[in-house]
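Structure first, commentary second.
The values are calculated or read from the model by the stated rules, or taken from the named source; none is laboratory data. Being a predicted model, the structure only gives us computed values, none of them experimental. Cβ: placed from backbone, ideal geometry, glycine included. Neighbour counts: every protein chain shown. Accessible surface is based on the protein model in full, side chains and every heavy atom, while ligands, DNA and RNA are left aside. Shrake-Rupley method; radii C 1.70, N 1.55, O 1.52, S 1.80 Å.
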Amino acid sequence: MKIGEFSFQSRLFLGTGKYPDFDIQKQAVEVSETEVLTFAVRRMNIFDKEQPNFLEKINLKNYRFLPNTAGAKNAEEAVRIAKLADASGLCDMIKVEVIGCDKTLLPDPVETLRATEMLLNDGFTVLPYTSDDVVLARKLEELGAHAIMPGASPIGSGQGILNPLNLQFIIDQANVPVIVDAGIGSPRDAAYAMELGADGVLLNTAVSGADDPVKMAEALKLAIHAGRLGYEAGRIEKKQYAIASSPKEGISIGG
């Protein structure tokens, strides 16, 4: 998978928030074999060396970083947060996240478009988080976004893919990678996203909130791999009636 100038073997993008402790987080990240770690810039003490920081626990050379602009209410705030991440040296790419509704945590489409355009003009590799709006996804790509990140369902809800038809429309029309982001709750959800043709999945709570985050990280890694293989293999068409799996021709029944 190629996003901008970066190439990846893993199709799992992993968040770094809400783990029980740093040790479990480190184990989960390692077993997931992710190459991309995402984090909210406003929640990371990237300049305060006195505060504990998960990034101190890992080999930074093994990962690309996708900081996000969570907390931004408009394009200008998103750009300021992105530039802060860039100044920290932990910004290979930027995930644009401009929330327009505090109750549902759904993105603001107008401000997301504005922030994407502004950051592209500043030379960032931009991955906007958006709803599963087909037209909005197309407009973000037309601006020059390097990937599109439609949500499967509300952030952290674990409801899985609520609107597979719209996701399919977005995937079919996109000429850049589509990373399904938000709402993934289980390996089944992740595999389904990949079977639809998504290029990758970004998730956090599905791992960090699991009873055993390390096992769940491995399960999701395998699910994403299986889903991608299934998509590439091409599933059989669904049929209304049964079709025998054994041939009827050439079979003789005698006494």
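Calculated accessible area for segment 122-252 comes out at 52 Å² per residue, all protein chains present (probe 1.4 Å; ligands, DNA, RNA ignored).
Taking the Cα centre of the chain as origin and assigning +1 to Lys and Arg Cβ atoms and -1 to Asp and Glu Cβ atoms, the resulting dipole is close to 360 debye. Where does helix 22-32 land angle-wise versus the long Cα axis of the chain, in degrees 0 to 90, nearest 10? The two axes meet at around 40 degrees.
Computed from Cα positions, the angle between helix 75-88 and the longest principal axis of the chain comes to roughly 80 degrees. Listed by chain and number, the lysines whose alpha-carbon sits under 28 Å from that of residue 26, ignoring those within fewer than 8 places in the same chain, are 2, 18, 49, 57, 61, 83, 95, 215, 221. Residues of segment 107-147 with an amide N closer than 19 Å to a point placed 7 Å from the Cα of residue 58 along the Cα-to-Cβ direction: 127. Put a dot 7 Å past the Cα of residue 104, heading toward its Cβ, do the same for residue 122, and the two dots end up 2.8 nm apart. For the chain, the longest principal axis of the alpha carbon atoms and the long axis of helix 134-143 meet at an angle near 50°. Packing-based ranking of 211-220, 31-40 yields 31-40, 211-220, ordered from highest to lowest mean Cβ neighbour count within 10 Å.
Give the percent of DSSP beta bridges with both residues in the chain that are antiparallel, rounded to the nearest 5. Could you put the intermediate results ahead of the total?
On the way: 3 of 25 bridges.
In the chain, approximately 10 percent of DSSP beta bridges are antiparallel ones.
Normalised radius of gyration (Cα atoms, divided by 2.2 N^0.38 Å) for segment 91-190: 1.01. Express in nm, to one decimal, how much length is gained between residue 162 and residue 26 on full extension, taking 0.36 nm for each residue of separation and deducting their alpha carbon distance. Length gained, residue 162 through residue 26: 45.9 nm. Could you work out what % of the accessible surface of segment 47-168 is carbon and sulfur, using a 1.4 angstrom probe and leaving DNA, RNA and ligands out of the count? Using a 1.4 Å probe with all protein chains present, segment 47-168 comes out at 49 percent carbon and sulfur.
Per the Kirkwood treatment, what hydrodynamic radius in Å, one decimal, follows for segment 8-160 from the mean inverse distance over all distinct Cα pairs? Display every interim value, and only then the final one.
Details: mean 1/r = 0.0625 Å⁻¹.
Computed over segment 8-160, the radius equals 16.0 Å.
Roughly speaking, what is the centre-to-centre gap between segment 73-99 and segment 135-178 when only Cα atoms are used, to the nearest Å? So the two Cα centres are separated by 20 Å.
Output needed for segment 149-255: three equivalent-ellipsoid semi-axes, defined as square roots of 5 times the C-alpha gyration tensor eigenvalues, in descending order, whole Å. Please list the in-between numbers first.
Values: eigenvalues 244, 66, 29 Å².
With the √(5λ) rule applied to segment 149-255, the semi-axes are 35, 18, 12 Å.
Taking other residues whose beta carbon is less than 10 angstrom from the beta carbon of residue 150, and scoring Lys, Arg as +1 and Asp, Glu as -1, yields -3.
Select one label from (1) 20.2, 88; (2) 17.7, 53; (3) 17.4, 56: the one whose number is Rg and Dmax of the Cα atoms in Å as derived from the coordinates shown. Among (1) 20.2, 88; (2) 17.7, 53; (3) 17.4, 56, the one calculated here is (1).
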